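Okay, structure first, notes after.
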Amino acid sequence: MRAEDYDFIEKEISLLESDPSVQEMRRFYQHGKVSTYVHARRVMLKSYAICKFFHAKVDYHDLLYAAFLHDFYLYDWHHVGDGSHRLHGFRHPKIAAENAVARFGVSSMVAKAIRTHMWPLTLVHIPTSRIGWVICIADKLVSIQEVLSRK
């Protein structure tokens with residue numbers, strides 16, 4: 001990506017970046033030692049790069065918000081001893097979407113893209129928008145990179 005792309009991204013997500021609850025994502029871990037915050041930024045950048053590469057006609061503001069907030073669940077699912085987060089992979093998309101709507105008032109399309117990012121694990125929650133599909137794919141690519149890099 002070019003410097004202009006990074007400038008555009010930072011301008012678009014400045015509201016998210018300055019929000020304390022988004023910064024709280026730095027405390028929770030996604031894959032190994034990768035924080036949820038870092039993972040979310042990587043998915044956001046990968047989603048943007050995919051859309052730019054394919055000249056996809058998307059609302060880039062919605063893309064960036066949906067991608068950055070796709071794991072906006074705000075808890076550490078690795079270290080809860082009571083088993084309540086055993087099904088985290090199935091449950092967290094709904095929690096992240098609800099948090100994004102409550103905190104930032106994202107559109108129903110953005111919420112649905114967040115809600116469906118774990119497909120095919122969440123079998124009946126299939127992405128229905130271009131943004132939803134891109135985030136679903138970008139999340140898988142980034143997750144694979146993060147898991148393999150710790151081995």
Lone qualifier among SER14, SER21, SER47 - being polar (S, T, N, Q), touching a residue at least 12 places away in the same chain (Cβ under 8 Å) and more than 16 Å from GLU146 (Cβ to Cβ): SER21
All positions within the range 115-151 that are loosely packed, with under 13 Cβ neighbours inside 10 Å and either part of a helix (DSSP H, G or I) or of a type in the set (Gly, Ala, Ser) (or both): ILE144, LEU148, SER149
Selected residue (criterion: nearest to ALA102 (Cα to Cα)) from residues of the range 30-46 that are crowded, with 17+ Cβ neighbours inside 10 Å and at pLDDT below 90: GLN30
Residue match in the range 95-114 (condition: within 16 Å of ILE13 (Cβ to Cβ), surrounded by fewer than 24 Cβ atoms within 10 Å (Cβ to Cβ) and in contact with a Ser or Thr (Cβ under 7 Å, 6 or more places away or on another chain)): yes
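The values are calculated or read from the model by the stated rules, or taken from the named source; none is laboratory data. Computed from a predicted model, the values in this text were never measured in an experiment. For neighbour counting, all protein chains shown are included, and Cβ atoms are generated from backbone atoms with ideal geometry for every residue, glycine included.
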